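Taken together, the values in this text are just the output of simple stated rules run on the coordinates, not laboratory data. Being a predicted model, the structure only gives us computed values, none of them experimental. Quick reminder, even Gly has a Cβ in these numbers, built from the backbone with ideal geometry, and neighbours come from all protein chains shown.
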């Protein structure tokens, strides 16, 4: 068996074309242009690269972007003041603070200051808690991207065994909760899980977001499993790889995502989706901000 390689770039292109059409409708019917404000603190090269990709994505689908660059030494109060200004700006539909932040700034205070209606990253306490009930305003972008990949490939989730390797608040936990809402049977594994293979061998769908290169090898993957690799690791020689031994596992799985070219493409795409959705809600002014709409 050789797995079908899921082309995240192609899925993202298809979705972004659809999203461009939604932006055109907002402009023609409501004279509204979706707008995303991105706050970048410091000069971390990886963060700068991520922000460039997000701004380029905005341009591609017609979203207006506003970049606010602050020095590493910025105080927490000043950062919160910037967020409050954006909360009160009706022309801004989404606010994103690029992580990580300097150690002197409390991340939870920053994320919770962003208005729930503009939390297009899906990290606000309300949105994270809403995953338990299926009533988020915005779903976190990477888990939402995983869900969209499964939908695009017509991979059923209901009743299937799903194992999520990685228990972060950003990817692992929300991914598990979102798939549980679709009636999957979900197990979460993490760095302290003993005998990881005992769990992964049961997975019909295996989602890996542990940040450990080649953690998942063919011997611990069920034949015919769907393998979604969310890992992103830069090796000493400069190569970028995921958490899965791609060459080995692709000979055993039924579907597999590559790194790069898989889930990473979808993360930014879901950010664009959430920003447009926020603008649509604002334009209609009829949908409660605390009621999720697909």
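Data for the structure
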quantity	calculated
Over region 28-117, relative contact order from alpha-carbon pairs under 8 Å, at least 6 apart, %	39
Rg ratio (alpha-carbon, reference 2.2 N^0.38 Å) - the chain	1.00
Kirkwood Rh and Cα Rg combined as Rg over Rh, evaluated for region 161-272	0.94
Fewest-first sequence of 249, 38, 187 by Cβ atoms within 10 Å of each Cβ	187, 38, 249
Relative contact order (%) - criterion: Cα under 8 Å, at least six apart; region: the chain	23
Three-way shape label, region 61-196, alpha-carbon gyration tensor, a/c 1.5	prolate
Simple label model, 7 Å out from Cα along Cβ direction - residue 109 to residue 201, nm	4.9
Computed E for residue 48/residue 191 - FRET, C-beta separation, R0 30 angstrom, nearest 0.05	0.55
Tail beyond 17 Å, pair distance distribution of region 28-117 (Cα, percent)	49
In nm, spacing of pseudo-spin labels at residue 88 and residue 251 (7 Å Cα→C-beta vector)	6.3
Between 0 and 90°, nearest 10: helix 8-30 axis offset from the chain longest Cα axis	20
Rel. contact order, % - alpha carbon contacts under 8 angstrom, at least six apart, region 100-196	21
Length gained when the stretch residue 219-residue 20 is fully extended (0.36 nm per residue, less Cα-Cα span)	67.3 nm
Computed [θ] at 222 nm, deg cm²/dmol, the chain (DSSP H ≥ 4; -39,500 (n - 2.57); rounded to nearest 500)	-12500 deg cm²/dmol
Taking 247, 7 and counting other C-beta atoms within 10 Å, the order from fewest to most	247, 7
Helix axis angle, 45-61 relative to the chain longest principal axis, alpha carbon, degrees	70
Rough spin-label spacing in nm, given labels placed 7 Å along Cα→Cβ, for residue 237 and residue 212	2.3
DSSP-defined beta bridges in the chain - what % are antiparallel, rounded to 5	5
Per-residue Cβ neighbour rank within 10 angstrom, fewest leading, 124, 93, 190	190, 124, 93
Estimated Rh, region 95-160: Kirkwood, alpha-carbon pairs, angstrom	13.3
